[in-house]
Amino acid sequence: MDHEWALAELRSFIQMTSLRQPSSTGGVVFLGDFATPVAPTSEIIAAAQIVEKILDRVLPRWRTEVPDDGKERWARHRQAAIRAVAELERQEEVAERLGDNAPTISAGGMHPWAWEAARSLWQSGHYREAVRAAAVKINAETQNKVSRRDVAETDLFKQAYSDDDPQPGKSRLRPEGDDGGKTARSVRRGIAAYAEGCFAAIRNPASHDALEEAPEQTALEQLAALSVLARWIDGSSVESAQPQ
């Protein structure tokens, strides 16, 4: 993320949504709270389109965690923008002062098959469903890549990364840099085994134990595991049987 650009957009939005009272002119005196944003509504709406994307990246749960007083249309957006500015400006200081300056996982930096499928559910706090949606998306994209609908999940990956030559209707996936050698065959087996583990230990529990919400950190690590699988698949080339 370009922090300076994001900060500039957030600060501009905060200024645009500042409230001002109408001036008492022409003998008209306003009693009560008639404050309105300093910028025209059309400009605020246009700015909000970009600011919301920044907030989704900096404060993924701002829509549910930042309170809305129900009075001013842009109150939640403005408060979230103020918080996001503080987060961007002082995140390094906070990490250092609190004694935990370890690397962090950015969900927005994960493979799109994982994060885009999970985004809306994640932002509403449905972590288990978000993980399940990511797994479903990865399975579907793999089916699309090898043009198959007759197999799915574990069997799909085993066949896609099989060492066997492609057959009619059974294309193979070959990882980036695959030269057909011993190491390449090992990588194929590893991806297939990894995929089986992801679907057996991550996707299946997420589907069958839906009543128990997953802790956010656990779900984030599972989403990262699925992102690794998605990158391998997306980076693989397709080998199809030559027409006779």
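If I build a Gaussian network model for the chain, linking alpha-carbon pairs within less than 10 angstrom, which residue out of A134, A219, A46 has the largest mean-square fluctuation?
A46
Tally Lys/Arg at +1 and Asp/Glu at -1 over every other residue whose Cβ is under 14 Å from the Cβ of A80; what's the total?
+1
From the convex hull of the Cα coordinates of the chain, what is the mean projected area in square nanometres?
Quarter of the Cα hull surface area: 19.9 nm².
State the dimensionless ratio Rg/Rh of the stretch 107-239 (Rg: radius of gyration of Cα atoms; Rh: Kirkwood radius).
Result: Rg/Rh = 1.00.
For the stretch 3-97, taking Cα atoms only, what is the radius of gyration to one decimal and the Dmax to the nearest whole Å?
When restricted to Cα atoms, the stretch 3-97 yields Rg and Dmax of 15.7, 57 Å.
With everything on Cα atoms, drop me the angle between helix 182-198 and the longest principal axis of the chain, reported from 0 to 90° to the nearest 10.
50 degrees
Identify which of P166, P215, P103 has the largest mean-square fluctuation in a Gaussian network model of the chain, with springs joining Cα atoms closer than 10 Å.
So, out of P166, P215, P103, the one fluctuating most is P103.
Order 174-184, 10-20 from most to least packed using the mean count of other Cβ atoms within 10 Å.
Those peptides, ordered most packed to least, come out 10-20, 174-184.
If you fit an axis through the alpha-carbon atoms of helix 216-235 and take the longest principal axis of the Cα set of the chain, what angle between them do you get, 0 to 90°, nearest 10?
Value to nearest ten degrees: 50.
Which cross-chain or sequence-distant (5 or more) residues have an amide H under 5 Å from the amide H of K170, H modelled 1.01 Å from N in plane?
Here A241 satisfy the definition.
If the cut-off is 14 Å between C-alpha atoms, which aspartates and glutamates fall inside it for K158, apart from same-chain ones fewer than 8 positions away?
Straight-line reach from K158, under 14 Å: D150, E196.
Bear in mind these aren't lab numbers, they're just calculated from the coordinates by the rules spelled out. All values reported here derive from a predicted model rather than from experimental measurement. Don't worry about glycine lacking a Cβ; one is built from the backbone with ideal geometry, like all the others, and counts go over all protein chains shown.
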